[in-house]
DNA sequence: ATTTGACAGTTCTATTTTAGAACTATAGCC
DNA sequence: GGCTATAGTTCTAAAATAGAACTGTCAAAT
């Protein structure tokens with residue numbers, strides 16, 4: 001497959017996968033949501049090679065998910081901060097965390113607990129229907145072709 | 001990094017990424033949710049090489065995300081069906097689809113529309129707090145170390 | 001009875017990506 | 001001048017992926 005054109009496929013999943021669909025990118029985003037911002041900090045917490053980290057950060061900046069912001073003038077140094085587009089990936093990351101909590105746990109219990117500051121409680125993320133508010137399940141959803149596609153895939 | 005031990009890291013995101021964190025696996029799962037079940041069907045709709053498709057399907061079966069179910073005795077033929085563990089990946093896929101709809105769209109509009117059979121309406125998936133039901137935003141969440149980890153990462 | 005086609009893979013080589021380590025560059029501090 | 005911190009770049013070796021061809025089973029067509 002031509003990964004360089006994946007982002008133009010008439011499929012929103014493909015387009016998302018084109019941008020964040022690899023191991024390192026997802027792990028880098030985890031660090032971003034844990035407030036990591038600097039090259040050295042990413043590198044040492046992930047043990048990613050400097051070369052790949054550099055590449056992935058450039059790509060995330062290019063797609064508008066991170067902003068490269070100077071924090072020192074001399075020498076010039078930058079940090080990488082989530083844009084709104086990047087912050088909007090939170091449900092993707094949290095959905096993966098929740099699946100891992102549910103299906104990949106061990107006897108030691110959860111690695112992290114999440115507190116919702118708004119209500120003060122420890123929570124799990126739940127995906128609901130924007131219209132009726134009920135939790136979503138794959139079997140209750142029917143897919144239609146939208147305007148961005150000729151015929152439905154299934 | 002040692003990808004073979006990623007699934008044992010004390011981090012639910014790492015563990016999830018270890019299983020579904022690559023381009024082909026995510027695309028294969030999309031097809032699964034669109035009711036694709038057979039080797040030839042995956043191969044022709046994704047244009048994935050047969051070798052990689054074979055590998056990825058084996059891996060998904062090994063992790064209990066797909067079940068390999070015979071549908072013909074002679075010749076022996078199998079199809080791949082989502083288990084409950086696999087169906088539980090729906091929020092992950094839908095979160096990615098929704099992000100793509102929101103941030104990677106073009107002038108043609110959405111490729112697919114989703115109808116919630118329960119309420120009959122076209123919807124978007126929304127991630128909410130299990131405790132108070134409010135939509136989740138990264139900045140309203142505070143992370144604590146859980147029992148499965150010694151010290152918090154951030 | 002032999003050929004053709006469908007299906008579900010496996011095997012092989014060439015190309016691309018990633019890992020791992022070393023190197024570059026700027027500037028502050030001792 | 002030498003040491004450290006930070007943010008990269010460059011190089012070679014190893015691993016993963018692409019692309020095409022091949023295998024094996026059986027049914028249906030010739």
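Give the residue that is farthest from DNA strand C (Cβ to nearest atom), with candidates limited to residues of region B:1-26 that are within 7 Å of chain A (Cβ to nearest Cβ) and in a loop (DSSP other than H, G, I, E, B). Only one residue fits best here, namely B:10.
A count restricted to region B:106-138 and to residues that are more than 7 Å from chain A (Cβ to nearest Cβ), modelled with pLDDT of 95 or more and closer than 22 Å to residue A:148 by Cα stands at 2.
Among the residues of region B:58-79, those that are under 24 Å from residue B:17 (Cβ atoms) and either over 17 Å from the mean Cα position of the chain (by Cα) or within 13 Å of DNA strand D (Cβ to nearest atom) (or both) comprise B:58, B:59, B:68.
Kindly indicate the residue of region A:34-51 that is free of Cβ contacts under 8 Å to residues at least 12 places away in the same chain, in a helix (DSSP H, G or I) and surrounded by 15 or more Cβ atoms within 10 Å (Cβ to Cβ) and also nearest to the other protein chains (Cβ to nearest Cβ) among those meeting that condition. Here the residue is A:41.
Per this entry, residue B:29 is counted among residues that are assigned to a helix (DSSP H, G or I) and away from DNA strand D (no atom under 13 Å from the Cβ). Return a yes/no flag: does region A:67-74 have any residue that is more than 13 Å from residue B:13 (Cα to Cα), assigned to a helix (DSSP H, G or I) and outside the structural domain of residue A:128 (by TED's automatic domain parsing). Looking through region A:67-74, none of the residues is more than 13 Å from residue B:13 (Cα to Cα), assigned to a helix (DSSP H, G or I) and outside the structural domain of residue A:128 (by TED's automatic domain parsing). Among the residues of region B:80-131, just one is surrounded by fewer than 16 Cβ atoms within 10 Å (Cβ to Cβ), under 17 Å from residue A:126 (Cβ atoms) and more than 19 Å from the chain's Cα centre (by Cα), namely B:119. Pairing residues of region B:1-20 that are in contact (Cβ under 8 Å) with a residue 40 or more places away in the chain with residues that are assigned to a helix (DSSP H, G or I), at Cβ distances under 6 Å and at least 6 apart in sequence or on separate chains, gives B:16/A:96; B:16/A:99; B:16/A:100. Which of the numbered conditions does residue B:82 fail, given that it passes all the others? Conditions: (1) away from DNA strand D (no atom under 16 Å from the Cβ); (2) in contact with a strand residue (DSSP E or B) (Cβ under 9 Å, 6 or more places away or on another chain); (3) in contact (Cβ under 8 Å) with a residue 24 or more places away in the chain; (4) under 27 Å from residue A:8 (Cα atoms). Result: residue B:82 fails condition (4) only.
The values are calculated or read from the model by the stated rules, or taken from the named source; none is laboratory data. In this text the structure is predicted, and so the values were computed from the model without any measurement. Reconstructed Cβ throughout: ideal geometry from the backbone, glycine too, with neighbour counts over all protein chains shown.
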